[in-house]
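Visitor: Have a look at this one before I ask anything.
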Protein chains: 2
Amino acid sequence: MARRSDHAPEELKHLALEAARAIVVEEGLRGLTVRRVAERIGYAPGTIYNLFANLDDLIVQVNAATLDALALVLVEAARAEPALRPERLVDAYFDFVESRPRLWSLLFEHRLPEGEDLPDWYRPKLAALISLVAEALGPLMPDTSAAARQAATVTMWAGLHGISTLAVSSKLALVAETEPRALGHLLVRRMLGGPAADATG
Amino acid sequence: MARRSDHAPEELKHLALEAARAIVVEEGLRGLTVRRVAERIGYAPGTIYNLFANLDDLIVQVNAATLDALALVLVEAARAEPALRPERLVDAYFDFVESRPRLWSLLFEHRLPEGEDLPDWYRPKLAALISLVAEALGPLMPDTSAAARQAATVTMWAGLHGISTLAVSSKLALVAETEPRALGHLLVRRMLGGPAADATG
């Protein structure tokens, strides 16, 4: 506990978020407490409470970083030529979820106490993700209104979310012989008016 | 605690499950403990432990009853003529989720301790639900293999699950102006090769 003045507040915040992230990767939400974050970076719990209002605040900020990381991989996937984008985006999504299932689960497992709303910056962050995908898939949804493209994109997002959630909790394998990722490709292909069978094999 | 011998074991099991169900409807998983179930039916906690291995076992049995109830409403919806079935099934699903959001959430919120599997009867119950829908929608998926119908049905199920999960946790409304149910109809319509816009309005 002697490190109290080793770091500037911004550095310390970064360290605390990294420590929280590492705990979630290793153990999931269950293992995450302010005390353990503090121990991990060698500060007292009180120091963490100077940086974050409470554990919920800390978790929301870990989630914000997860959404930012997801946005980056989707932007990268959306660089492909339009016809390839659906497949690239679905693969990028599943690569992301499969490479950090616990961080991804934290986005949805964690609920704020009843009556508390997500912070103001959360909604635009999520909306930007949806817009980025709606725009990338725009060329594949010609003659559609912006509202219809938005509805289709949200439906694809929710659908991929459902597939991944059921896969992570081992429920999908109970009834599907098909890989979650293949179901994701099927979903997005069909939402864009494509065939039921995968032409590429 | 004087009621120890008022009920036969089967009756008592039924009473305990009803009490657990009522607690979940009122408060969700958070409020559910063996002690509170026991209090509610006027027995000692030990009596509950004679009927159920533990709280997880009790929860799995509440979930089994929820799946049975869902199967009943889907069977009813599937009685419509084939062309109307997609819409009826989606409405039945959302009616079910919206009328008992906490019981429905319990199906997915509750996780068995690591290393424990769901009981043997769980998988056939879930598989029967999927088969019932795959068969009901069969006439709308002509020229498709049984495997493809199964994959499409599982994808619709996972998609509706994703939409409902995000709706229940208030995340869908952050990015969608469309009602969850309308997204569900869109999803199923597209999965069955139908148009992006709703012809009925």
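FYI, it's all coordinate maths here, none of it is from the lab. Please read all numbers here as calculations on a predicted model, not as lab measurements. Here the Cβ positions follow ideal geometry from the backbone for every residue, glycine too, while neighbour counts run over all protein chains shown.
Visitor: Could you work out how far helix A:85-99 tilts from the main Cα principal axis of chain A, as a 0 to 90 degree angle to the nearest 10?
Guide: That helix lies at roughly 30 degrees to the long axis.
Visitor: Something else now. Put a label point 7 Å from Cα along the Cβ direction on B:Glu18, then list its distances to the equivalent points in the other copies in nm, shortest first.
Guide: B:Glu18 label point versus its equivalents elsewhere: 5.9 nm.
Visitor: Let me have the relative contact order for the stretch B:1-52, percent, based on Cα pairs under 8 Å that are six or more residues apart. Write out the running numbers ahead of the final one.
Guide: Numbers: 38 pairs, mean separation 23.0, N = 52.
Once normalised by length, the contact order is 44 percent.
Visitor: Leaving out same-chain residues fewer than 8 places away, which lysines sit with a Cα under 29 Å from that of B:Lys13?
Guide: A:Lys171, B:Lys125
Visitor: Another question, if that's okay. In a Gaussian network model over chain B where Cα atoms closer than 10 Å are linked, find which of B:Lys171, B:Lys13, B:Lys125 has the largest mean-square fluctuation.
Guide: Taking springs between Cα atoms under 10 Å, the residue moving most is B:Lys171.
Visitor: Between A:Asn50 and B:Ala22, what FRET efficiency comes out of the Förster formula 1/(1 + (r/R0)^6) with R0 = 45 Å and r the beta carbon distance, rounded to 0.05?
Guide: The computed FRET efficiency comes out at 0.55.
Visitor: Let me ask something else. Mind checking which of A:Leu174, A:Leu29, A:Leu107 has the largest fluctuation in a GNM of chain A, springs on alpha carbons under 10 Å?
Guide: Comparing A:Leu174, A:Leu29, A:Leu107 in a Gaussian network model of chain A, the most mobile one is A:Leu174.
Visitor: Using θ = phi - 60° and the Karplus curve 6.51 cos²θ - 1.76 cosθ + 1.60, what whole-Hz ³J(HN,Hα) does each residue of the stretch B:181-189 get, with Gly and Pro shown as x?
Guide: Coupling constants for the stretch B:181-189: 4, 5, 5, x, 5, 4, 4, 5, 4 Hz.
Visitor: With +1 assigned to the C-beta of every Lys and Arg and -1 to the C-beta of every Asp and Glu, and no other charges, what is the dipole magnitude of the protein assembly as shown about the Cα centre in debye, to the nearest 20?
Guide: Values: 42 positive and 52 negative charges, 54 e Å.
In debye, rounded to 20, the protein assembly as shown gives about 260.
Visitor: Continuing with this model, one more query. Under 8 Å for C-alpha pairs, at least 6 residues apart: give me the relative contact order for the stretch B:75-170, rounded to a whole percent.
Guide: Once normalised by length, the contact order is 33 percent.
Visitor: Right, here's the next one. Once you put a point 7 Å from the Cα of B:Asp95 and another 7 Å from the Cα of A:Ala173, both along the Cβ direction, what distance in nm separates them?
Guide: 3.6
Visitor: May I ask you to work out the translational diffusion coefficient for the stretch B:1-52 at 25 °C, viscosity 0.890 mPa s, via Stokes-Einstein with Rh from the Kirkwood sum over Cα pairs, reported in whole µm²/s?
Guide: 225
Visitor: Then there's this: Over chain B, how many percent of alpha carbon pairs lie in each 5 Å bin up to the one with the longest distance?
Guide: 1, 7, 14, 16, 16, 14, 11, 8, 6, 4, 2, 1, 0
Visitor: So, one more: Which order results if B:His14, A:His185 are arranged by neighbouring Cβ count within 10 Å, fewest first? Before the final figure, lay out the partial values.
Guide: Details: B:His14 14, A:His185 22.
Ordered by Cβ neighbours within 10 Å, fewest first: B:His14, A:His185.
Visitor: Here's something else I'd like to know. If we count other beta carbons within 10 Å of each Cβ, what is the order of B:Thr165, B:Thr33, fewest first?
Guide: Fewest-to-most Cβ neighbours within 10 Å comes out as B:Thr33, B:Thr165.
Visitor: Among A:Gln150, A:Leu140, A:Leu107, whose Cα lies farthest out toward the positive end of the dipole of chain A, if unit charges sit on the beta carbon of Lys, Arg (+1) and Asp, Glu (-1)?
Guide: So the residue we want is A:Leu107.
Visitor: Compute the projected area of the convex hull of the Cα atoms of the protein assembly as shown, averaged over all viewing directions, and report it in nm² to one decimal place.
Guide: 23.1
Visitor: Over chain A, calculate the relative contact order: mean separation of alpha carbon pairs under 8 Å at least 6 apart, over the residue count, as a percent.
Guide: On the way: 161 pairs, mean separation 37.7, N = 201.
RCO, chain A: 19 percent.
Visitor: Arranged by the count of other C-beta atoms within 10 angstrom, fewest first, what order do B:Met141, A:Met156 take? Walk me through the intermediate numbers first.
Guide: Numbers: B:Met141 18, A:Met156 29.
Ranked by crowding around the Cβ, least crowded first: B:Met141, A:Met156.
Visitor: Can I ask one more? Between the stretch B:58-74 and the stretch B:87-163, how far is it from one alpha carbon centroid to the other, in angstrom?
Guide: Their Cα centres are 12 Å away from one another.
Visitor: Would you look at the GNM of chain A, springs on alpha carbons closer than 10 Å, and say which of A:Ala147, A:Ala78, A:Ala44 moves the most?
Guide: A:Ala147
Visitor: Only Lys, Arg, Asp and Glu count, each charged at its Cβ (+1, +1, -1, -1), so figure out the dipole size of the stretch A:92-201 about its Cα centre, rounded to 20 debye.
Guide: For the stretch A:92-201, the charge dipole is close to 120 debye.
Visitor: Treating the beta-carbon of each Lys and Arg as +1 and of each Asp and Glu as -1, no other charges, what is the dipole magnitude of chain B about its Cα centre, to the nearest 20 debye?
Guide: Computed about the Cα centre, the dipole is about 180 debye.
Visitor: What nm value, rounded to one decimal, do you get for the distance between A:Ala197 and A:Asp57 when each label is placed 7 Å out toward the C-beta?
Guide: 5.8
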